[in-house]
Amino acid sequence: MGELHFGLLSIGVLVVAGVFFYNKWQERRYQREAEAAFASRHEDVLMRSAGGEGQGAEWQGSGGVEPVLASAAAAAPEGSKQTLSEFVDFIVPLETSEEVSGASVLDAAGAALEQCPRSVHLEGFDEAESTWELIDPDRSYSKMRAGLQLVDRRGAADAEELALFGAAIGGAAASLGVLSTVPDPAPALAHAKELDRFCGEVDIRIAVHVVNERIPFPGAQVGALAAAAGFELDEPEGKFRRRDAAGRVICTLANFEPIPFKVESLQALSTHAITLELDVPRAPRGAFAQFRESAERLAKQLSARILDDNREPVGSGAFEAIGAQLQAVHRSMEARGIAPGGALALRLFS
């Protein structure tokens, strides 16, 4: 184990910092084993999945979770319409001598890909702009490609999943008279395994609790202070989210007690503790400083203490130690071409 990973994951740092660091790679492994024996998945209150919403030409298969390891230099630049990347996806090229409508491609692929357990995107090549874009049902294409995401928080795709995807795409393409060329899956499987290993090492969440054991916080006060600090209530999740100007989530604020925050019930709700959580790889650089600022401000305004999961106080020294370690995590991600909080990070850590 290298110095970076040792510094992040060792028990000593956890004790000194007073903040729980979670290695999701290990969690995923244990969850997969547990799911083989039990029909449902246990979800820890501080380790909830942060699945995103699908958009564009994307399918969520029956798996129920949204869907060349060197660096992600070949990935689409920020702002590009391109989604697929050889760094993240197993890509099948699709070509035809005559253009086919995007709508027909989406219809054929939608039915064929229903059983695929991972996220799949379909792109068409825009000849005028010489770039890839998610297939538009109102346009026609002669050059297309389909990609299955190789890695997410469930782990790496396996040979069976790639075979299922290749067969599904091949069948959909054949029904439209389109040629599909399924590449050898062996290199992609090797890439997926290594990428999953790396993602597991940097997939870390940090959580602290703002606690007052004597006097509960009125829900209305929590809501007002959260709003003043830049948080917005996410009704479906029952938690507040603080976002940056680009809409990326900085951190979340949830009720430590098992009662979600809802607009209609905030007036009647009270709680002795609230939890702030930072999803490290999904949050942009600078998020930790805002996470810390939010925790310290709320603790002061609520006359409360900041505690870790062992009910130990978290002070400025602990925050500074964690911040220094996160700089190393960010450098490690960026060395692979994965910007913290960027498009690739949001896909890989979903």
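None of the figures in this text is laboratory data; all of them are computed from the coordinates on show. Everything numeric in this text was worked out from a predicted model, so none of it was measured. FYI the Cβ positions are ideal-geometry reconstructions off the backbone, even for glycines, and counts take in every protein chain you see.
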Separation in nanometres of the label points that stand 7 Å from Cα toward Cβ, at residue 244 and residue 97: 5.1
Among the lysines, which have Cα under 25 Å from the Cα of residue 81 when same-chain residues fewer than 8 positions away are ignored? 143
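If Lys and Arg each add +1 and Asp and Glu each add -1, what is the summed charge of the other residues whose beta carbon sits under 14 Å from the beta carbon of residue 302?
It works out to a net charge of +2.
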Relative contact order of the stretch 251-332: what whole-number percent is it, with Cα pairs under 8 angstrom and at least 6 residues apart? 23
Shape of the stretch 205-350 from its Cα gyration tensor (a ≥ b ≥ c, root eigenvalues): rounded if a/c is under 1.5, otherwise prolate when a/b > b/c, or oblate? oblate
If you add up the charges near residue 140, with Lys and Arg at +1 and Asp and Glu at -1, over every other residue whose beta carbon is less than 10 angstrom from its beta carbon, what do you get? -3
If the cut-off is 16 Å between C-alpha atoms, which lysines fall inside it for residue 239, apart from same-chain ones fewer than 8 positions away? 262
Given points 7 Å out from each Cα along the Cα-Cβ axis, report the residue 127 to residue 213 separation in nanometres with one decimal. 7.3
So what's Rg/Rh here for the stretch 198-253, counting alpha carbon atoms and using the Kirkwood radius for Rh? 1.06
Once the Cβ-Cβ distance between residue 197 and residue 334 is put in as r, and R0 is 25 Å, what FRET efficiency do you end up with, to the nearest 0.05? 0.90
Quick check: Cα centre of the stretch 216-274 to Cα centre of the stretch 291-305, how many Å? 14
In nanometres, the difference between 0.36 nm per residue of separation and the alpha-carbon distance of residue 311 and residue 142 is 54.8 nm
Give, as a single signed number, the net charge of other residues whose beta carbon lies under 13 Å from the beta carbon of residue 101, with Lys and Arg counted +1 and Asp and Glu -1. -4
